[in-house]
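Presented below is the structure to which this report refers.
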Amino acid sequence: MAWYDSAIFYHMYPLGMVGAENENDGGEIRHRFSELNAFQPYLKVLGCDAIYIGPLFESGSHGYDTTDYRTVDRRLGTNEDFRHFVDLAHNYGIRVVVDAVFNHTGRGFFAFRDIQEKGWDSPYKDWYKGVGFDSGSPWGDRFHYSAWHGAWELPELNFNCEAVRKYLIDVVQYWIDAFDIDGLRLDCADVLDMGFQHTLRYFTNQMKPEFWLMGEVIHGEYARWVNPETLHSVTNYELHKSIYSGFNSHNFFEIAHNVNRNLAISRDLYLFLENHDVDRIASKLENKQNLRACYMALFTLPGKPSIYYGGEFGLEGRKQGGDDGPLRPSIDIDDMKPNALTSYIAKLAEIHGKNSELHMGQYKELYLQTRQWAYARMDHNSAVVTALNNDEQPAVFYVTLPMKAELAFDLFTEEALPIEDGNRLMIRLEANAGCMIKVK
């Protein structure tokens with residue numbers, strides 16, 4: 001197994017976490033990595049062994065308008081500060097995965113500025129899609145270009161240009177050499193040139209053993225990206241949506257359908273309840289009593305579970321118009337007080353770490369109704385059975401185990417449970433609750 005087969009991720013949006021300025025004025029460097037370093041011993045207690053952090057590199061505003069791929073954003077600190085962050089993480093046994101914003105750059109990137117200055121004579125005029133000099137851009141440039149989703153501050157790179165591909169591969173080699181990072185999260189992978197993603201996988205396989213590539217993909221057939229030639233994983237937005245929707249509408253069929261739809265690659269997918277682009281799960285749930293059961297699903301369904309910073313404390317937040325700020329608050333770990341949810345998630349992480357069935361085990365559905373659902377993750381001679389109840393009333397039902405078993409016990413209470421006829425188990429659930437049972 002590779003490190004990412006059993007990893008539990010903690011997702012950091014650093015510019016928000018440290019309360020950085022919304023705009024980068026190019027002024028003094030602010031050394032704020034100490035605030036991020038302070039999270040690392042806490043993450044070991046929480047049970048996370050991988051950090052996805054980003055965006056990190058110099059940008060004009062929110063971090064996804066990159067202006068320098070080889071320099072850490074001055075609002076966070078220096079390259080040396082980030083190298084210390086990675087070294088500290090590795091000392092704790094924590095892997096570090098960073099954002100790679102390759103589909104587009106900011107307008108302050110050197111190649112774009114060169115086109116602004118030299119026009120047709122710029123050697124970089126082929127670095128961007130749709131560049132032409134027969135008309136201007138909506139932002140007053142003497143040329144037009146293609147922008148991501150019409151956001152003119154994000155000009156799209158042209159991957160038909162060999163120099164662009166070589167430049168970005170060299171950048172990845174630099175990140176590995178300078179910072180010893182363990183993987184990349186590819187921003188906008190659903191529109192990023194697929195040929196380049198193949199090239200990236202080929203070269204990173206040689207650059208560092210077990211280097212992990214995860215892509216941001218919203219919709220589509222995830223197997224296009226998740227395969228031995230392209231990426232190791234993508235963001236499972238389908239399951240993200242169905243989890244909160246299924247709990248809100250008392251419809252476990254919606255969640256189960258999405259699990260089954262991607263079953264061939266489900267163990268590889270990146271699972272999340274919330275992130276820097278979507279409303280907090282504690283704000284989306286109509287009945288907050290379902291929050292624990294949602295996290296139980298996160299840690300027991302096939303895939304790589306990820307906690308978005310602050311989610312373990314039950315932080316809430318919704319977008320306000322087009323403003324993502326409420327989703328990306330500043331947070332001082334020394335001021336946060338662990339609560340019952342924090343302890344519950346730490347217990348889920350502990351159970352996940354100790355039970356290999358939850359890493360790569362086969363998924364099997366055992367029982368499915370609109371308000372109750374049970375499934376198993378199976379290894380050779382054992383399984384972890386998860387049962388969930390999204391009803392406001394207690395529930396009792398039987399499941400048929402996927403194997404003949406001699407022992408069953410609750411993974412939270414360690415209470416032994418009776419097995420009937422060698423393969424039948426009675427499940428008792430409180431309202432809006434779940435349980436995890438080890439059988440072998």
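For the reader, a short list of remarks on this structure follows.
- Couplings for the stretch 396-401, taken from phi via the Karplus curve 6.51 cos²θ - 1.76 cosθ + 1.60 with θ = phi - 60°, read 9, 7, 9, 10, 9, 5 Hz in order; Gly and Pro are left as x.
- Legend: Rg and Dmax of the chain, from Cα coordinates, 23.1, 81 Å.
- Between the amide H of Y10 and those of A50, I51, Y52, I307, distances stay under 5 Å, these residues lying 5 or more places away or on another chain, with hydrogens modeled in the peptide plane.
- When the alpha carbon coordinates of the stretch 208-262 are projected onto the principal axes, the ranges are 45, 16, 16 Å, largest first.
- Note on surface exposure: T105, T400 rank T400, T105 by accessible area, highest first, 1.4 Å probe.
- Note on the chain: with a GNM built from Cα contacts shorter than 10 Å, the maximum mean-square fluctuation among V131, V234, V98 falls on V131.
- With a 1.4 Å probe rolled over the protein heavy atoms of all chains, the accessible area of D68, D421, D182 falls in the order D421, D68, D182, largest first.
- Phi-based couplings in Hz for the stretch 10-24 (Karplus 6.51, -1.76, 1.60; Gly and Pro marked x): 10, 9, 10, 9, x, 4, x, 4, 9, x, 5, 4, 5, 10, 8
- Each Cα pair under 8 Å and six or more residues apart adds its separation to the average, and for the chain the resulting relative contact order is 13 percent.
- For the stretch 296-335: rounded, prolate or oblate by the Cα gyration tensor [a/c cutoff 1.5]: oblate
- Dipole magnitude of the stretch 1-150, debye to nearest 20 (Cβ charges: Lys/Arg +1, Asp/Glu -1, about Cα centre): 160
- Residues M214, M336, ordered by accessible area of protein heavy atoms at a 1.4 angstrom probe radius and largest first, appear as M336, M214.
- Sites listed here are GluC sites (Glu not before Pro) in the stretch 158-221 whose DSSP assignment is loop and whose Cβ has at most 16 other Cβ atoms within 10 Å: E210, E221.
- Residue among I419, I51, I281 with the largest mean-square fluctuation in a Gaussian network model of the chain, springs linking Cα atoms under 10 Å: I419
- The Cα-based radius of gyration of the stretch 339-440, divided by its Kirkwood radius, gives an Rg/Rh of 0.95.
The values are calculated or read from the model by the stated rules, or taken from the named source; none is laboratory data. Note that the structure is predicted; figures quoted are calculated from it, not measured. Note that each Cβ is placed from the backbone with ideal geometry, even for glycine, and that neighbours are counted across all protein chains shown. Note: accessible area is taken over every heavy atom of the protein model, side chains too, but ligands, DNA and RNA are not part of it. Shrake-Rupley method; radii C 1.70, N 1.55, O 1.52, S 1.80 Å.
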